[in-house]
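The structure appears below as structure tokens.
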Amino acid sequence: MAGLTSSTIGRKYAMALSAMFLLIFLIMHLTVNFLSVLGPDAFNTASDFMGYNPLIQFIMQPVLGFAVIFHFVMGFILEIRNRNARPTKYAVNNGAANSTWTSRNMIISGLVVLAFLGLHMYDFWWHEINFKYIERNEVDNLRYWGELHERFANPVRVIFYIIAFILLGLHLAHGFQSSFQSVGARHPKYTPVIKAIGKWYSILIPAGFIIIAVYHYITQ
Ligand code: HEM
């Protein structure tokens with residue numbers, strides 16, 4: 001691990017691996033949350049299983065937490081190093097002439113997603129920790145859907161979530177294909193396919209999250 005993070009190429013590689021892990025997480029997260037649009041039963045069953053399964057709680061969740069923190073810390077380190085290495089970056093990188101807004105502003109879209117995650121962890125993750133381990137409430141496997149539904153009663157929260165999902169989409173629009181490039185998956189035949197999948201991924205995943213938030217808001 002130390003070897004992987006001690007050179008710029010190693011850091012980009014490690015960053016890409018953490019990104020790929022998070023790309024898979026987002027598909028799983030969206031799938032489970034989408035159950036809440038279909039009705040309380042399936043969502044309550046899935047949430048209860050995940051909330052009390054030791055493999056998910058004590059192995060998958062800490063791995064996910066590590067991947068999220070690693071991705072953000074590494075992103076900052078790479079950004080600072082890039083800035084320091086290229087004091088005349090505007091001469092080299094002439095804005096829209098040779099790169100997209102999304103690729104030049106990954107740090108901005110990343111920071112909005114980070115701010116969203118702060119609120120999101122408070123809304124859901126911290127609530128769970130508090131319910132189970134601090135207040136030590138009795139198991140109630142019918143509570144999850146109602147708790148989620150209640151969070152989306154506040155229009156300010158819904159708007160902030162939607163803005164964050166749009167920025168997440170912009171982050172993914174560049175990040176998806178960039179993560180494949182960083183691990184060396186470059187090929188004249190496959191790169192256009194990866195880019196096309198990345199484009200659809202970056203539209204459909206945030207759109208799915210937006211639908212969930214809006215659904216719960218309008219069905220209050
Ligand atoms: C409408 C959209 C979303 C809903 C309804 C939602 C719902 C939830 C819920 C219910 C939990 C608690 C899981 C638990 O600990 O029991 C959770 C956790 C989490 N969410 Fe979301 N989420 C949404 C969007 C997102 C997005 C876009 C991201 C990433 C950018 C994200 C990242 C996370 C993470 C990292 C956790 C903590 C891990 C975990 O507890 O499993 N969520 N979310």
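Every number in this text was worked out from the coordinates using simple rules, so none of it is lab data. Predicted, not measured: the structure shown is a model, and the values here were computed from it. Methodologically, a virtual Cβ is constructed for each residue, glycine included, from the backbone with ideal geometry; neighbour enumeration extends over all protein chains shown.
At a glance:
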| quantity | calculated |
| --- | --- |
| Segment R143-V32, extension gain: residue separation times 0.36 nm, minus the distance between their alpha carbons | 38.4 nm |
| Which of E147, E138 has the fewest Cβ neighbours within 10 Å, and the rest in rising order | E138, E147 |
| Top positive-direction residue, dipole computed over the stretch 30-171 with Cβ charges, set V139, V112, F160 | V112 |
| Relative contact order (percent, whole number), the chain, Cα cutoff 8 Å, 6+ residue spacing | 31 |
| The stretch 9-65 shape via C-alpha gyration tensor axes, a/c threshold 1.5 | oblate |
| In Hz, Karplus ³J(HN,Hα) per residue of the stretch 39-54 (6.51, -1.76, 1.60; θ = phi - 60°; x = Gly, Pro) | x, x, 4, 4, 5, 4, 5, 5, 5, 5, 4, 5, x, 10, 7, x |
| Farthest positive-ward along the chain dipole, Cα basis, beta-carbon charges - from S36, W125, L17 | L17 |
| Volume per residue of the C-alpha convex hull in the chain, rounded to whole Å³ | 150 |
| Total charge dipole magnitude, the stretch 76-220, about the Cα centre, Cβ charges on Lys, Arg, Asp, Glu only, Debye to nearest 20 | 1000 |
